[in-house]
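Novice: A single structure is presented below for examination.
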Amino acid sequence: MCKPLQYYIISCVYTAQLYLIISSPHGGSCWSLLGMEYIRSYYYNRIEYVRFSSSLGMFVGYTEYGVKEADQWNNDPGQLAAMRAQKEIYCTPNIDLWYRSVLTNSVMKPFVRLHWTKPPVDHHPAILACSIYNFYPKYIKVTWLRNGQRVTSNTTTTEELPDADWFYQIHSYLEYTPKSGEKISCMVEHASLDLPLVTDWVPSMSESKKLMIIGAFGLILGLLFFLAGNLSSLCDVL
């Protein structure tokens, strides 16, 4: 005859976003786990009868006996304080070990392609595309840099798009009017990378000619508007 089996299971689970890129003042990045929850579940004959959850900060019973146990433990300040401290005692010191173990076994570094795309209308600014392929896990951050400084306007980025092979791709676009001596880069931050991956845009000869034409056209168009404005002002004076 089998004896009744009584045991408990401790787990640290993540109920919110798994990780978030945090940029440092020196341009590096680190990863922080959010939404961590400490759970201690008590079982009797494979049936969970009471649980402590750090998000609730109290015990919850799931059977008649479990409800009585939960009420008793919730009315014990010492027991409750000890359980509420377990998240910091048990989960926090082990985050780095667990996280690195996950990354070692289930990550894929992104492949980055930076290229020029033809604008929909000839007199519009050129569009640079930063396409990132074959990365895992899903969460990634793409940033445009102009001479090493973050670009905060005239950019558009798609959502992470799943591939049929479990990997993801994402595309980011920058409206760009060429300027002499300017350096444009695409920076990618991902769990698989120790440091941000920065790819500089180096145009081919054909792309350089096209961008020179676009830049010259924009300069001429601006000059025409300037002259038209001055002529209008002169006519008003006369």
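Novice: Determine, yes or no, whether E207 is at pLDDT below 55 and within 27 Å of P110 (Cα to Cα).
Specialist: yes
Novice: Determine if the range 1-11 includes at least one residue that is over 30 Å from M187 (Cβ atoms), of a type outside the set (D, E) and either surrounded by 15 or more Cβ atoms within 10 Å (Cβ to Cβ) or at pLDDT 80 or above (or both).
Specialist: no
Novice: Quick one: which residue in Y173, Y139 is closer than 21 Å to W116 by Cβ and surrounded by fewer than 18 Cβ atoms within 10 Å (Cβ to Cβ)?
Specialist: On the way: Y139 fails: closer than 21 Å to W116 by Cβ.
Unique residue meeting the criteria: Y173.
Novice: Every residue in the range 52-72 that is over 15 Å from I39 (Cα atoms) and surrounded by 15 or more Cβ atoms within 10 Å (Cβ to Cβ), please.
Specialist: G66, V67, E69, listed by residue number.
The values are calculated or read from the model by the stated rules, or taken from the named source; none is laboratory data. All of these numbers come straight from a predicted model, not from anything done at the bench. We place every Cβ from the backbone using ideal geometry, glycine too, and count neighbours over all the protein chains shown.
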